[in-house]
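Notes follow once the structure below has been shown.
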Amino acid sequence: MPLKITKTALPGVVIIKPDVLRDNRGFFMEVYHQKKYADTGLNRTFVQDNYSHSSKGILRGLHFQLKYPQGKLVYVVKGEIFDVAVDIRKGSPTFGRWIGEVLSEENNYQIFIPEGFAHGFCVISETADIIYKCTDFYHPDDDRGVLWSDEQIGITWPFRNPTVSDKDSRHPMLHTMPDDLLPACKN
């Protein structure tokens with residue numbers, strides 16, 4: 001069966017609703033099928049899988065990579081998160097805009113966030129286990145970020161005072177970042 005893809009207000013950011021076969025034993029789903037994803041236009045090569053476990057109220061982000069940009073296919077194995085993508089591509093008509101989607105073990109939704117976008121999430125459930133596939137390898141020296149609470153972006157997070165790492169609390173606001181520290185819009 002073909003994948004159900006929902007476009008968002010940000011070009012290239014899509015919500016994927018995989019087919020889930022449920023019965024009295026539980027469920028079965030294909031988490032990733034290269035040909036089916038390619039048939040929908042998501043023709044990417046994924047080279048790294050990341051696994052994150054966090055507790056309620058933890059916020060991770062907003063992260064991006066500049067020299068080695070990563071497209072990310074994100075899904076939740078256990079729990080529930082509010083997942084966010086922010087267009088930070090200089091010259092983009094949607095620069096500074098964001099979308100958010102609840103991903104959970106119940107809805108089995110996935111989100112694809114292309115290269116050039118900042119990504120973050122906040123855990124809504126008691127705990128959450130998240131897996132995301134990446135289109136490039138992680139390079140610690142290329143780790144970048146935008147302040148999660150940047151008022152000009154205006155993300156409506158599910159918690160007023162989430163728990164954030166020291167590193168994530170020190171990221172700059174988007175409007176203060178020089179152009180050479182932002183990805184270019186390639187469209």
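Taken together, the values in this text are just the output of simple stated rules run on the coordinates, not laboratory data. Since this is a predicted model, take the numbers as computed values, not measurements. Note: ideal-geometry Cβ built from the backbone for every residue, glycine included; neighbour counts use all protein chains shown.
Output the antiparallel fraction of DSSP beta bridges having both residues in the chain, as a percent to the nearest 5. Kindly include the intermediate steps, with their values, before the conclusion.
Working: 50 of 52 bridges.
Of the beta bridges lying entirely in the chain, close to 95 percent run antiparallel.
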When only C-alpha pairs under 8 Å and at least 6 residues apart count, what is the relative contact order of the range 79-170, in percent?
-> 32
Cα-based radius of gyration of the chain once divided by 2.2 N^0.38 Å, which approximates compact folds = 1.00
Output the relative contact order of the range 4-181, whole-number percent, from Cα pairs under 8 angstrom with separation of 6+ residues.
-> 29
Within 10 Å of each residue's Cβ, count the other Cβ atoms and sort F28, F117 from fewest upward.
-> F28, F117
Determine the relative contact order of the range 10-114: mean sequence separation of Cα pairs under 8 Å and six or more apart, normalised by residue count, in whole percent.
-> 38
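Within the set of other residues whose C-beta is less than 12 Å from the C-beta of D49, count the net charge using Lys and Arg as +1 and Asp and Glu as -1.
Spelling it out: positives minus negatives among the neighbours equals +2.
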The chain: Lys pairs at Cα distance under 18 angstrom, eight or more positions apart or on different chains = 23
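Quick one: net charge around E80, please, counting Lys, Arg +1 and Asp, Glu -1 for every other residue with C-beta under 13 Å from its C-beta. Don't jump to the answer; show the numbers that get you there.
Working: positive: K56, K78; negative: D83, E101, E105, E106, E126, D129.
Net charge around E80: -4.
Taking other Cβ within 10 Å of each residue's Cβ, how do C134, C122 sort, fewest first?
Details: C134 21, C122 25.
The order, fewest Cβ neighbours first, is C134, C122.
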Would you mind putting 56-68, 149-161 in packing order, based on average other-beta-carbon counts within 10 Å, highest first?
-> 56-68, 149-161
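Rank the residues V84, V76, V14 as a footprinting-exposure proxy: fewest other Cβ atoms within 10 Å of their Cβ go first. Write out the running numbers ahead of the final one.
Values: V84 25, V76 28, V14 20.
Going from least to most buried by this count: V14, V84, V76.
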Taking the Cα centre of each part, how many Å lie between the range 1-39 and the range 118-171?
-> 24
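If Lys and Arg each add +1 and Asp and Glu each add -1, what is the summed charge of the other residues whose beta carbon sits under 12 Å from the beta carbon of D129?
Values: positive: K78; negative: E80, E105, E126.
My count for the surroundings of D129 gives -2.
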